[in-house]
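The values are calculated or read from the model by the stated rules, or taken from the named source; none is laboratory data. None of the values given here were measured: they were computed from a predicted structure. Virtual Cβ from ideal backbone geometry, glycine too; neighbours counted across all protein chains shown. We work out accessible area using only protein heavy atoms, side chains counted, and drop any ligands, DNA or RNA first. Shrake-Rupley method; radii C 1.70, N 1.55, O 1.52, S 1.80 Å.
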Amino acid sequence: MEITDVQAIPLAHSLPDGHGLGDARGFGTDRGTTLVRLETDDGTVGWGEAFAPGPMATATIETMFADDVVGMDPFEVESLAEASYTDPYHFGGDVVVQSAVSAIDVACWDIIGKSVGRPIHRLLGGTRCEELTPYASTMYFTEADRPIAEPIREAVEEGFTAAKIKIGAGLESDVERVRTAREIMGDDTDLMVDMNGNYRPHQAVKSARAIEEYDVAWIEEPVPPENRSGYRELRGKIDVPIAAGEAHYGRFEFKELIDDRTVDIVQPNLGRCGGLSEARLIAGMASTENVAVRPHIWNSAVGMAAAVQFGASISSYPHTRNVPEPMVIEFDRSENPLRSELLETPFDPTGGTIDVPQSPGLGIEIDHNALERYRAD
């Protein structure tokens, strides 16, 4: 079997003016990503996602990878990420390069799964897994006036038993948002917060201590991703677990996060970290330091599918029969048709669980009408 065709397909969707949403760093109105479609000589098609803007991802795939990928045996996929660090030399750690590698890697795994008749989570060494627990990624900062309680109330009504909210705009705002979320969700739920790297270490410490009484499961990106010394400073000053990884790419950056337990939870994005091959390696490194793995997801439905398959494969080490903190999967609750309309059977998180596809490969079927509707090329 060999790959005969590589296509990069940029997708985009824009929110109406005045309806931007985001985090403590600012608002955004555009959602965009790039899909990769691989086809083999026997007609098998695999899908992957480069979580990067279309023009950059497409150019990178077409100029740096397409010639080498055509003629490649998809079963050789695990050599792809490693080769990206050495050829092209000096460019392998770039986010766009790693995003391109991620898309090709996931598409290869999709082909492999279809070829052997197994879902990817079984190929990655996981046992059969039927469902996971989704957490609502919600309570964004918004341009339009909206009561901060409204999105959390909607999540609870949909059946979510866990949620992650945006904070990081100042101590008073942080406390109000966390208190509001906890009051609506109740005590028997998991509540996480995301500062999106908007604080200096002393500001993050002050906020963490102020919200600790609300039983926060983790604080995500309390300082900027490049501020490694800031993460190390926080480790000895706050008791709430620290999570990071959505802005890190490849095994070497994740090794730095994992070594000496810089963070308690790593969050590889399957559209950026190097794909399923690198994510599996990252999960292995994390387990050696007893660091948890929870994939980051703000992607299209293809990236969501990759993350669900990966999440279903992750070992519960060191737990055995009793698992105090089961695997949770992020589910963005903002408007995003690239996630909600792109599949023949969209993922449905309502009711407190999300099904893990059991069909071969990623276990998804692309809605080609929706694909054409959101193409940006």
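Once region 94-129 is narrowed to residues that are of a type in the set (Val, Ile, Thr) and either open to solvent by less than 10 Å² (accessible area, probe 1.4 Å) or on the phi > 0 side of the Ramachandran plot (or both), the residue that is farthest from the chain's Cα centre (by Cα) is Ile111. Only one of the numbered conditions (1) open to solvent by less than 10 Å² (accessible area, probe 1.4 Å); (2) at positive phi is violated by Gly351, and that is (1). Here is the figure for region 292-336: residues that are more than 19 Å from Arg128 (Cα to Cα), touching a Ser or Thr at 6+ places or on another chain (Cβ under 6 Å) and outside any loop (DSSP other than H, G, I, E, B) total 2. Are any of the residues in region 167-177 in contact with a Lys or Arg (Cβ under 6 Å, 6 or more places away or on another chain), modelled with pLDDT of 95 or more and open to solvent by less than 40 Å² (accessible area, probe 1.4 Å)? Looking for residues that are in contact with a Lys or Arg (Cβ under 6 Å, 6 or more places away or on another chain), modelled with pLDDT of 95 or more and open to solvent by less than 40 Å² (accessible area, probe 1.4 Å), one finds at least one in region 167-177, hence yes. Comparison of Ser359, Ser334, Ser340 shows that the only residue that is of a type in the set (S, T, N, Q), more than 30 Å from Pro74 (Cα to Cα) and in contact (Cβ under 8 Å) with a residue 24 or more places away in the chain is Ser334.
Do we have Met72 as part of a loop (DSSP other than H, G, I, E, B) and surrounded by 17 or more Cβ atoms within 10 Å (Cβ to Cβ) here?
Working: part of a loop (DSSP other than H, G, I, E, B): yes; surrounded by 17 or more Cβ atoms within 10 Å (Cβ to Cβ): yes.
Considered against the rule, which asks whether it is part of a loop (DSSP other than H, G, I, E, B) and surrounded by 17 or more Cβ atoms within 10 Å (Cβ to Cβ), Met72 comes out as yes.
The condition (being touching a residue at least 24 places away in the same chain (Cβ under 8 Å) and in a strand (DSSP E or B)) is satisfied by just one residue among Glu62, Glu49: Glu49. What number of residues within region 139-155 satisfy the criterion of being in contact with a helix residue (DSSP H, G or I) (Cβ under 6 Å, 6 or more places away or on another chain), at pLDDT 95 or above and open to solvent by 10 Å² or more (accessible area, probe 1.4 Å)? Total satisfying the criteria: 2.
For Gly311, the conditions (1) more than 14 Å from Pro268 (Cα to Cα); (2) in contact with a Pro (Cβ under 7 Å, 6 or more places away or on another chain) are fulfilled apart from (1). The residue of region 1-28 that is modelled with the lowest pLDDT, among those that are surrounded by 18 or more Cβ atoms within 10 Å (Cβ to Cβ) and over 30 Å from Val106 (Cα atoms), is Gly20. Only one of the numbered conditions (1) in contact with a Phe, Trp or Tyr (Cβ under 8 Å, 6 or more places away or on another chain); (2) under 22 Å from Leu21 (Cα atoms); (3) among the acidic types (Asp, Glu) is not met by Asp355, and that is (2). Open to solvent by less than 90 Å² (accessible area, probe 1.4 Å), over 25 Å from Val36 (Cα atoms), of a type outside the set (Asp, Glu) and without any contact (Cβ under 8 Å) to a residue 12 or more places away in the chain: does that describe Val328? When the stated conditions are applied, Val328 does not pass them. Remark: Ser300 matches the filter, which requires a residue to be surrounded by 24 or more Cβ atoms within 10 Å (Cβ to Cβ) and either of a type in the set (S, T, N, Q) or under 28 Å from Pro337 (Cα atoms) (or both). Quick check on Arg339: is it farther than 22 Å from Ile282 by Cβ, open to solvent by 60 Å² or more (accessible area, probe 1.4 Å) and touching a Ser or Thr at 6+ places or on another chain (Cβ under 7 Å)? No: the conditions fail for Arg339.
Of all the criteria given as (1) closer than 14 Å to Asp332 by Cα; (2) assigned to a helix (DSSP H, G or I), the one not satisfied by His121 is (1). Taking each residue of region 105-117 that is under 9 Å from Gly275 (Cα atoms) and looking for partners that are assigned to a helix (DSSP H, G or I) and among the charged types (D, E, K, R) with beta-carbon atoms closer than 9 Å, six or more apart or interchain, yields Asp105/Glu78; Asp105/Glu278.
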